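Report on the structure given below.
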Amino acid sequence: MTTATTILAEAEATTPRPGWRARRAADNDDTRKTNWWATALIAVCSLTVLVPLYLAVAVALKTPEQLAAGNGFEWPNPIRWENFADAWARTAFPQALLNTALITVGAVVFTLLTSSVVAYALARNSHRPFFKGVFFYFLAALFIPFPIIMLPLVKQTSLLGLDNQVGMIVLYTIFGISLNVFIYSAYIRSIPIELEEAARVDGASTWRVFWQIVFPLLTPMNATVGILTCVWAWNDFIMPLVVLTDPGARTIPLAQYVFQGQYNTDYTTAFASYLMAMAPLLIVYIFSQRWVISGVTRGSIK
């Protein structure tokens, strides 16, 4: 009798009470917790990024006289499409685009190959003092401003013959490794170690485990690091300015410097060249932004 009573009491305790499922569903319903005023404010603030974009397009389609006569926000009438042709010719845009694309693609490829390997070694050996010290060494490099090492860098690249596109690829790979290792490591630690152990039981080496097991799982992080490196290398001005010595190797940001005179600036043609330089990168980012956002989110949560 006592046993039966105990079983009955446990059954009653585990039986959902009336309205229990409804209350649980209500607790899990996040839509009723939405702050629509804050959402609307964020949406309006996010639309403010369209203001400088509109200004760039409006200025790029104006004549110098139209720009001087207004405040810059008026839509031009008539539209001057010749600004884009002038920017194409004055910047030698095809050559500058080729140089920038070569450096950017090379930097992205080598960054993904090197940073992922280094981050894997540090993440899987973080319990060892040496690897932990190397990890903090890379983090410390994030706090070193580039102007401090700019002059020694120019001297070293000149002595080593790296004042060209190859040198730029090497420099972007090296200078980006600190942040990239930090991004990769957080995500690699979330990958179950049992996957690697199962592969080692089957006779796979550490090198094979990384490339066939771990690296395919790093797709979100690879996309994030790749896009960040692409944006950095494509838009960078100061490093190509101090490193590149051949005028024929100049990138798009360097080629656009031709519009800056000592006493005046050709704003209309300059803004046309800015839009031309922005278009390829904008197209890449539109198709890849979900990878960037999801990659950063996964790395921060896991």
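The values are calculated or read from the model by the stated rules, or taken from the named source; none is laboratory data. Please read these numbers as outputs of a predicted model, since none were measured by experiment. Ideal geometry is used to build each Cβ from the backbone, glycine not excepted, and the neighbour counts take in all protein chains shown. For the accessible areas, the whole protein counts, side chains as well, though only heavy atoms, and no ligand, DNA or RNA atoms are used. Shrake-Rupley method; radii C 1.70, N 1.55, O 1.52, S 1.80 Å.
Tabulated results
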{"quantity": "Descending semi-axes in whole angstrom, ellipsoid equivalent of the stretch 57-129, from the Cα gyration tensor", "calculated": "48, 18, 7"}
{"quantity": "FRET efficiency for residue 285 and residue 109, using Cβ-Cβ distance with R0 set to 22 Å, rounded to 0.05", "calculated": "0.75"}
{"quantity": "Three-way shape label, the stretch 140-244, alpha-carbon gyration tensor, a/c 1.5", "calculated": "prolate"}
{"quantity": "3J(HN,Hα) from dihedral phi, the stretch 164-176, Karplus parametrisation 6.51/-1.76/1.60, rounded to Hz, x for glycine, proline", "calculated": "8, 5, 4, x, 5, 4, 5, 5, 5, 5, 6, 5, x"}
{"quantity": "Gain upon complete extension [residue 48, residue 260; 0.36 nm per residue less C-alpha separation]", "calculated": "73.6 nm"}
{"quantity": "Surrounding net charge for residue 80, when Lys and Arg each add one and Asp and Glu each subtract one, Cβ distance under 11 Å", "calculated": "-2"}
{"quantity": "Surface per residue (accessible, 1.4 Å probe) for the stretch 155-249, Å²", "calculated": "49 Å²"}
